[in-house]
Amino acid sequence: MDGNKITYESIDHYISTFPPEIQEILESIRAVIREAAPEATEKISYQMPTFALHGNLVHFAAFKHHIGFYPTSSGIQAFEHEISGYKSSKGAVQFPIDKPMPYELIIRIVKYRVAENIEKAERKLKKKK
């Protein structure tokens, strides 16, 4: 096991490990996610900042040249046309650090994920009755 690997205790701790200009981007992403999902809770999951509401909503992480945003595969599929200008995969999209962050798009994706998780939670509740 790698003894040098950091275990993050909180989103604040995670963000504090980056240079100031990256911290500013991460704090802005955190703020727009909070705005889009005010009932969501913050946690660290998979060693990344995560917002959860009836399960994980989104994760985000900083890398050398991009911010990784992880809204699950459904979040990627629902916005595939809007994210087509970015490198993406089944469950992630990469926003280049040297370009403006698409905060409005992030808000719309998070709101989509909130609605999706609430709907799933309501379906589960109905099944239990």
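Among the hydrophobic types (A, V, I, L, M, F, W, C), touching a residue at least 24 places away in the same chain (Cβ under 8 Å) and under 28 Å from ALA121 (Cα atoms): does that describe PHE69?
On the way: among the hydrophobic types (A, V, I, L, M, F, W, C): yes; touching a residue at least 24 places away in the same chain (Cβ under 8 Å): yes; under 28 Å from ALA121 (Cα atoms): yes.
Yes: the conditions hold for PHE69.
Considering ALA40, ALA61, which residue is buried (at least 17 other Cβ atoms within 10 Å of the Cβ) and either among the acidic types (Asp, Glu) or over 19 Å from ARG108 (Cβ atoms) (or both)? Give the derivation first.
Values: ALA40 fails: either among the acidic types (Asp, Glu) or over 19 Å from ARG108 (Cβ atoms) (or both).
Every option except ALA61 fails the conditions.
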Exercise. State the number of residues belonging to the range 26-49 that are in contact with an Asp or Glu (Cβ under 9 Å, 6 or more places away or on another chain) and either of a type in the set (Lys, Arg) or without any contact (Cβ under 8 Å) to a residue 12 or more places away in the chain (or both).
Key: 2
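Please find, within the range 24-35, the residue that is farthest from HIS59 (Cα to Cα) out of those that are buried (at least 16 other Cβ atoms within 10 Å of the Cβ) and in contact with a strand residue (DSSP E or B) (Cβ under 9 Å, 6 or more places away or on another chain). Give the derivation first.
Of all residues in the range 24-35, those buried (at least 16 other Cβ atoms within 10 Å of the Cβ) come to 25-26, 29-30, 32-33.
Pick out the ones that are also in contact with a strand residue (DSSP E or B) (Cβ under 9 Å, 6 or more places away or on another chain) and you get 25-26, 29-30, 33.
Numbers: ILE25: 14, LEU26: 11, ILE29: 10, ARG30: 10, ILE33: 10 Å.
So, considering only residues that are buried (at least 16 other Cβ atoms within 10 Å of the Cβ) and in contact with a strand residue (DSSP E or B) (Cβ under 9 Å, 6 or more places away or on another chain), the one farthest from HIS59 (Cα to Cα) is ILE25.
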Practice problem: Could you check ALA61 against (1) in contact (Cβ under 8 Å) with a residue 60 or more places away in the chain; (2) of a type in the set (A, V, I, L, M, F, W, C); (3) in contact with a strand residue (DSSP E or B) (Cβ under 7 Å, 6 or more places away or on another chain) and say which number it fails? | Solution: (1)
Quiz prompt | All positions within the range 78-129 that are within 24 Å of PHE63 (Cα to Cα), acidic (Asp, Glu) and touching a residue at least 12 places away in the same chain (Cβ under 8 Å) | solution = GLU82, ASP98
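Quick note: the coordinates plus some simple rules give every number you see, no bench work behind them. Treat the numbers as computed from the prediction; the structure is a model and nothing was measured. All Cβ positions, glycine included, derive from the backbone under ideal geometry; neighbour counts span all protein chains shown.
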